[in-house]
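Some notes on the structure that comes next.
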Amino acid sequence: MVKLKKIELARWANIAEIFASIVLVLTLVYVGLELDRNTKAAQSGSWQGIINKMNDLDTSEAADPEFSSVIMRGENTPQELSDAELFRFYRMAQARLGQLEFAYLALNEGTIGEYHWGAVKGYIQQMIWMPGYRSFWDEYGEAVYHEDFVAHIQSVLPNCESKEETAGNAVAEGK
């Protein structure tokens, strides 16, 4: 009879061990799902912060017709700006590129995802070929921005075409 009780006890111990293993696996799955959900929530919050800053800059630009004029001329013909206007344009360019730098660094840190970066990447390429931003970048880029962002922009520059080249290519291709 004593032998029978030992076998039953061993059997119950095995069942308890299997049950504990199942509970452990389920707990790890739950923790993994929660981490994924929290990561996505943090990425969304970070992305919203980036968008808010970019929108604030765009809103302040749109609210001031004189400043809007400076920016439009600065983007396309910076050489036609007065020194004071060029200073204002460069300050705005520094802030705008700073937001894009923040997004790039956030991507590398994992606080925004590839999906969000896809939207920013195209915006950077569109901006950097504009004469005003390119002029600002050539003069101040390496001194003002994080070296990883500078390296990224330097890698993008050879792929950026000027407006004239883009228009010329479209005509040549019959678009």
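The values are calculated or read from the model by the stated rules, or taken from the named source; none is laboratory data. Just so you know, these numbers come straight off a predicted model, no measurement behind them. Cβ coordinates were reconstructed from backbone atoms using ideal geometry, including for glycine residues, and neighbour counts include every protein chain displayed.
Regarding ILE50, is this residue closer than 25 Å to GLU147 by Cα, surrounded by 12 or more Cβ atoms within 10 Å (Cβ to Cβ), touching a residue at least 24 places away in the same chain (Cβ under 8 Å) and touching a Ser or Thr at 6+ places or on another chain (Cβ under 7 Å)? Let's see the steps before the verdict.
Values: closer than 25 Å to GLU147 by Cα: yes; surrounded by 12 or more Cβ atoms within 10 Å (Cβ to Cβ): yes; touching a residue at least 24 places away in the same chain (Cβ under 8 Å): yes; touching a Ser or Thr at 6+ places or on another chain (Cβ under 7 Å): no.
No.
Taking the conditions (1) of a type in the set (S, T, N, Q); (2) over 26 Å from LEU157 (Cα atoms); (3) out of contact with any Phe, Trp or Tyr (no Cβ under 8 Å at 6 or more places or on another chain) in turn, ASN108 satisfies each one other than (2). Say we look at the range 122-151 and pick out the residues that are surrounded by 15 or more Cβ atoms within 10 Å (Cβ to Cβ) and part of a loop (DSSP other than H, G, I, E, B); which of these is modelled with the lowest pLDDT? Out of the qualifying residues, it is TRP129.
Out of ILE22, ILE51, one residue alone is part of a helix (DSSP H, G or I), among the aliphatic types (A, V, I, L, M) and within 27 Å of ILE128 (Cα to Cα). It is ILE51.
Rundown of residues vs (1) surrounded by fewer than 13 Cβ atoms within 10 Å (Cβ to Cβ); (2) at pLDDT below 90; (3) of a type outside the set (Gly, Ala, Ser), yes/no style:
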{"site": "LEU86", "(1), (2), (3)": "no, no, yes"}
{"site": "PHE89", "(1), (2), (3)": "no, no, yes"}
{"site": "MET92", "(1), (2), (3)": "no, no, yes"}
{"site": "ALA95", "(1), (2), (3)": "no, no, no"}
{"site": "LEU100", "(1), (2), (3)": "no, no, yes"}
{"site": "GLY110", "(1), (2), (3)": "yes, yes, no"}
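Contact annotation: residue pairs with Cβ atoms under 6 Å, 6 or more positions apart or on different chains, pairing a residue in the range 95-112 that is within 14 Å of GLY141 (Cα to Cα) with a partner that is at pLDDT 90 or above and surrounded by 20 or more Cβ atoms within 10 Å (Cβ to Cβ), are GLU101/TYR145; GLU101/PHE149.
Does GLU75 qualify as being modelled with pLDDT of 90 or more and under 27 Å from the mean Cα position of the chain (by Cα)?
Numbers: modelled with pLDDT of 90 or more: yes; under 27 Å from the mean Cα position of the chain (by Cα): yes.
Answer is yes for this residue.
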